[in-house]
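The values are calculated or read from the model by the stated rules, or taken from the named source; none is laboratory data. In this text, all values refer to a predicted model and were calculated from it rather than measured experimentally. Please note: Cβ atoms are built from the backbone with ideal geometry, for glycine as well, and neighbour counts cover all protein chains shown.
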Amino acid sequence: MRGNDEVQHVLKYFENNVRYDNRGLTDYRDISYDLDVVKTAEGSASVKFGQTQVIAGVKLSIDEPYPDTPNKGNLMVEVSLSPLASENYLPGPPDMDAVEFSRVVDRGLREAPALDFEKLCIEEGEAVWNVSIDIVVINDDGNLIDVAGFAAMLALLNARFPKVVDGKVDYHELTDKKLPIKHLVIPTTIFKIDKYFFIDPISEEFELSEARLTLTRRDDGKICAIQKGGNFPLKKEDIVQMLAISKEKFQYLLKILKEVN
Amino acid sequence: MSFDKRIDGRGFLDLRPMDARVGVIEKADGSAYFKMGDTVAYAAVYGPRELVPRFKQNPKKGILRCNYNMLPFSGVGERIRPGGNRRSKEISMVTEKALLPVVLLDHFPNSVVDVFIELPQTDAGSRCAGITAAALALADAGIPMKDLVSAVAVGKVDDKLVVDLRYEEEAFEGEVSDIPFAFIHNTGEVSLLQMDGIVDDENLIKLVDLARNAALKVYEVQKEALLEKFKKAGDSNERK
Amino acid sequence: MGVVKVKDKEVVIPGQLLAEGMDFVPTGEAYREDDKIYSKRLGLVEINKRVIKVIPLSGAYVPREGDTVIGVVTDILVSGWRVDLGCAYDAVLPIKDAVNEFVKRGDDLTKYLDIGDVIFAKISRVTSQMLVDLTLKDRGLTRLIGGRIIKFPPVKVPRVIGKNASMITMLKKSTECKIYVGRNGYIWIDGKPNQELLLTKAIKIINEMAHTSGLTDRIKEFLEKETGQKLR
């Protein structure tokens, strides 16, 4: 339950270039990750930004391709807000937020594209690989889109094709073959309260934020997904500033991703 | 085909290696992580909190509400479509029944204690891992409890009585029974008992004792996890 | 004579056997079954001759008459305001317990308290069905303007206050922040950012070390080190 005066209070911190957990406005929390955390997944990653924790798992299957893309494999991305993660989440179908987060993370990976979809084709018109990424939020302390997107990319980098016997997948055995990665993709969301921009909010800051802009970039720096959120509008100058912050923050995260492999 | 030894080299009465931790989900009122072999369960407790809709409220005591869910990537084969199914509904219910005898909610009328169990990885014994984790999370949350509940599955594979079956054993191509149990620690009373498969009365009775002994071992791991939370802070206290 | 199975100040778990024998008296979160005494919470056991007490180390706040609490107004009612205490039970602040002047029926109550306002109040009544009434009409009770609310485990709140308010006095003096502590686990603070950061660090240590002894001294040491100023 937020009191009325909390926005004014957090601005006093921002004026002094500091936040409730003593970070600078454009500092990330401690980022840690573990790969291969789920044996039953073909690829997986557990990621923590401060106390926010998600687990991403990749599952592969063989199916008929879609009629309009007979030589391409498919991607499906779902972010689920597990009731483990917050007093605000209950079991049931995904709510608006979960759907938004899923679709934003999906768009970034799909448009870049993160995977070379043609290399996922087994037999044109007959059989292709379907890649499903499920990102489950275990503890929600803010910045879910960025953490989910980062974890999804790590899980894709970690994933390996399962063995195929007589055209059927043998989930008990993984090959050494990794997925055909085309681009490294990372979302960076910039938040705004009053005239201040900040990143990687804790849940308290997220609840007080007025607007946010997610910019998903790929390894060459180009933007491959955009999403504005929050109840307040953005001026052009805001967007220009947020783009600049996002560019810098993306490099920081990209460095971490490149260490994997 | 006969069943002479276990794939992982365990004795027939040995449990798989276990690992337990509490306080793993910072936003929850109480939480736990429990691993039994390759089966992993997270449990989080929120409550006592307001129960809506109001017609479900009990004016005499709080209610316990459990939800068991397997994550999409947790199954041995294909992806599991999220959203639960009849199996997970049933497990949610028996989980609640397994914990209800020990939970003391008299001082929380009209409220609900929510227990969420999610499994990121499974290899049989998932409802038992869930119940064990849930008991830990309830204790971590400070919900008043007469006692802890510990769960483990036992069964008969071919002609051998075994403890803590794994997936390959459950799937044995001969006569098999997979019997999950949960015990209230002090009294040894059974609060969960189900079965998949075929068993005769005589062996079932033997299996109750085997399960009880196995559950005592699970209890030791649970106790250690709860005490561990305070040991660390205490130690750094001394070192200063 | 009976047998005590645990040591004083030991951490105990639900269902743990604490003592055997009919001459022991269970209090706090300890309970008796036949001739045995058990714990019903994860907590600290205190053994005082024949009295076996378990102090919980975690758990929800249960509203009690006389407790001073911090709440946030969530709704305007005909007869007053609904207040959120961060527990399973909402509270009501009746007009007569908040305002001194005469308020006509249908008057706009938001001029006294609006949704989102924070108050430091006292619980005047709790019914068996957990309906909670608050009052602002007592010494020290007031609306809290500005500041921020930190959530803190209710069972550890006494450690933030300290014996004879020793801890909270020390925190106020050293950090120069305004501090109000609610028994419901809401702590309201207001100060300059760098001073608040010091205060929240101290509160975090109290949270982690609540079950240990010598806490006031440890915090005193911490504050003196961080501020470079000796505390009396």
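Miscellaneous remarks
- First in the range A:167-181 and away from chain B (no Cβ under 14 Å) and in contact (Cβ under 8 Å) with a residue 40 or more places away in the chain, second anywhere and in a strand (DSSP E or B) and of a type in the set (Gly, Ala, Ser), Cβ under 8 Å, 6 or more apart: A:Gly167/A:Ala127; A:Leu179/A:Gly43
Matching residues to (1) within 22 Å of B:Leu119 (Cβ to Cβ); (2) among the aromatic types (Phe, Trp, Tyr):
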site	(1), (2)
A:Asp116	no, no
A:Glu126	no, no
A:Phe150	no, yes
A:Ala155	yes, no
A:Lys163	no, no
A:Gly167	no, no
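- When the test is whether a residue is at the interface with chain A (Cβ under 10 Å from one of its Cβ atoms), in a strand (DSSP E or B) and touching a Ser or Thr at 6+ places or on another chain (Cβ under 9 Å), B:Glu118 passes it.
- Among the conditions (1) more than 10 Å from chain A (Cβ to nearest Cβ); (2) among the basic types (Lys, Arg); (3) within 22 Å of the chain's Cα centre (by Cα); (4) under 21 Å from C:Tyr89 (Cα atoms), B:Arg10 misses just one, which is (4).
- For the range B:15-34, the criterion of being away from chain A (no Cβ under 12 Å), part of a helix (DSSP H, G or I), aromatic (Phe, Trp, Tyr) and out of contact with any Pro (no Cβ under 6 Å at 6 or more places or on another chain) is met by none of the residues.
- Lone qualifier among C:Arg159, C:Arg232, C:Arg183 - being more than 9 Å from every other protein chain (Cβ to nearest Cβ), charged (D, E, K, R) and in a helix (DSSP H, G or I): C:Arg159
- Top-ranked residue in the range A:26-52 [being in a loop (DSSP other than H, G, I, E, B) and in contact with an Asp or Glu (Cβ under 7 Å, 6 or more places away or on another chain); ranked as farthest from the other protein chains (Cβ to nearest Cβ)]: A:Tyr28
- When restricted to residues that are part of a loop (DSSP other than H, G, I, E, B), touching a helix residue (DSSP H, G or I) at 6+ places or on another chain (Cβ under 9 Å), crowded, with 18+ Cβ neighbours inside 10 Å and hydroxyl-bearing (Ser, Thr, Tyr), the range A:66-122 contains 2.
This table checks each residue for (1) at pLDDT 95 or above; (2) in contact with a strand residue (DSSP E or B) (Cβ under 8 Å, 6 or more places away or on another chain); (3) outside the structural domain of C:Asp190 (by TED's automatic domain parsing).
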{"site": "C:Thr74", "(1), (2), (3)": "yes, yes, yes"}
{"site": "C:Asp84", "(1), (2), (3)": "yes, yes, yes"}
{"site": "C:Val92", "(1), (2), (3)": "yes, yes, yes"}
{"site": "C:Asp97", "(1), (2), (3)": "yes, yes, yes"}
{"site": "C:Glu101", "(1), (2), (3)": "no, no, yes"}
{"site": "C:Lys104", "(1), (2), (3)": "no, no, yes"}
{"site": "C:Lys111", "(1), (2), (3)": "no, no, yes"}
{"site": "C:Phe120", "(1), (2), (3)": "yes, yes, yes"}
{"site": "C:Lys137", "(1), (2), (3)": "yes, no, yes"}
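- The residues of the range B:165-192 that are in a loop (DSSP other than H, G, I, E, B) and either within 14 Å of chain C (Cβ to nearest Cβ) or touching a strand residue (DSSP E or B) at 6+ places or on another chain (Cβ under 6 Å) (or both), listed by number, are B:Leu165, B:Phe172, B:His185, B:Asn186, B:Thr187, B:Gly188, B:Glu189.
- Taking the criterion of being surrounded by 12 or more Cβ atoms within 10 Å (Cβ to Cβ) and outside any strand (DSSP E or B), the residues of the range C:103-126 that qualify are C:Val103, C:Asp107, C:Leu109, C:Thr110, C:Tyr112, C:Leu113, C:Asp114, C:Ile115, C:Gly116, C:Asp117.
Here's the yes/no breakdown for (1) of a type in the set (A, V, I, L, M); (2) at negative phi:
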| residue | (1), (2) |
| --- | --- |
| A:Glu123 | no, yes |
| A:Asn130 | no, yes |
| A:Val137 | yes, yes |
| A:Asn143 | no, no |
| A:Phe150 | no, yes |
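- Residue under evaluation C:Leu57, criteria (1) closer than 26 Å to C:Asn207 by Cβ; (2) free of Cβ contacts under 8 Å to residues at least 60 places away in the same chain; (3) in contact with a helix residue (DSSP H, G or I) (Cβ under 9 Å, 6 or more places away or on another chain), criterion not met: (2)
Residue-wise test of (1) farther than 22 Å from B:Tyr33 by Cα; (2) under 15 Å from the mean Cα position of the chain (by Cα); (3) not hydroxyl-bearing (Ser, Thr, Tyr).
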| residue | (1), (2), (3) |
| --- | --- |
| A:Glu6 | yes, no, yes |
| A:Leu11 | yes, no, yes |
| A:Phe14 | yes, no, yes |
| A:Arg19 | yes, no, yes |
| A:Arg29 | yes, no, yes |
| A:Ser32 | no, yes, no |
| A:Leu35 | no, no, yes |
| A:Gly43 | no, no, yes |
| A:Ser46 | no, yes, no |
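- Of the residues in the range C:44-52, not one is in a loop (DSSP other than H, G, I, E, B), out of contact with any Cys (no Cβ under 6 Å at 6 or more places or on another chain) and at pLDDT 95 or above.
Conditions (1) over 23 Å from B:Val102 (Cβ atoms); (2) assigned to a strand (DSSP E or B); (3) more than 8 Å from chain A (Cβ to nearest Cβ), marked per residue:
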{"residue": "B:Tyr42", "(1), (2), (3)": "no, yes, no"}
{"residue": "B:Val45", "(1), (2), (3)": "no, yes, yes"}
{"residue": "B:Pro48", "(1), (2), (3)": "no, yes, yes"}
{"residue": "B:Tyr68", "(1), (2), (3)": "no, yes, yes"}
{"residue": "B:Phe73", "(1), (2), (3)": "yes, no, no"}
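Conditions tested, residue by residue: (1) under 28 Å from C:Tyr61 (Cβ atoms); (2) in contact with a Gly (Cβ under 8 Å, 6 or more places away or on another chain); (3) touching a residue at least 60 places away in the same chain (Cβ under 8 Å).
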{"site": "B:Gly47", "(1), (2), (3)": "yes, yes, yes"}
{"site": "B:Phe55", "(1), (2), (3)": "yes, no, no"}
{"site": "B:Val103", "(1), (2), (3)": "yes, no, no"}
{"site": "B:Pro120", "(1), (2), (3)": "no, yes, yes"}
